[in-house]
């Protein structure tokens, strides 16, 4: 599970019990703007200027979503790192790269 906040005061959550990524706001409103079910438990959510990345908890699989509508654009597999460990809120976008943090 993870929370990602944007500078426009909207918030995104990853919800592993419901297999969803969700957009709320803008703060202080708690209105749900959209919710997308990706079919597997999700452990992380991160956002860049264009997309929302909704990452599976137990694999390197993630869905790229439309930031405005939550519509699924495509699915990706992360590469270049370790695939060991479940994701519990450690997804980030930094300088155009996705990072998946797991472990100790």
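The values are calculated or read from the model by the stated rules, or taken from the named source; none is laboratory data. Predicted model, so just to flag it, every value in this text is computed and none were measured. A quick note on method: Cβ atoms are made from the backbone with ideal geometry, for glycine too, and the neighbour counts reach across all protein chains shown.
Annotations
- Looking only at the stretch 78-93, and only at residues there that are in contact (Cβ under 8 Å) with a residue 60 or more places away in the chain and assigned to a loop (DSSP other than H, G, I, E, B), the one that is surrounded by the fewest Cβ atoms within 10 Å (Cβ to Cβ): 88
- Residue 45 vs. criteria under 16 Å from residue 2 (Cα atoms) and either in contact (Cβ under 8 Å) with a residue 60 or more places away in the chain or in a loop (DSSP other than H, G, I, E, B) (or both): no
Listed here are the residues, each with its yes/no results for (1) surrounded by 12 or more Cβ atoms within 10 Å (Cβ to Cβ); (2) out of contact with any helix residue (DSSP H, G or I) (no Cβ under 7 Å at 6 or more places or on another chain); (3) at pLDDT 90 or above.
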site	(1), (2), (3)
48	yes, yes, yes
51	yes, yes, yes
54	yes, yes, yes
63	yes, yes, yes
76	yes, yes, yes
95	no, yes, yes
103	no, yes, no
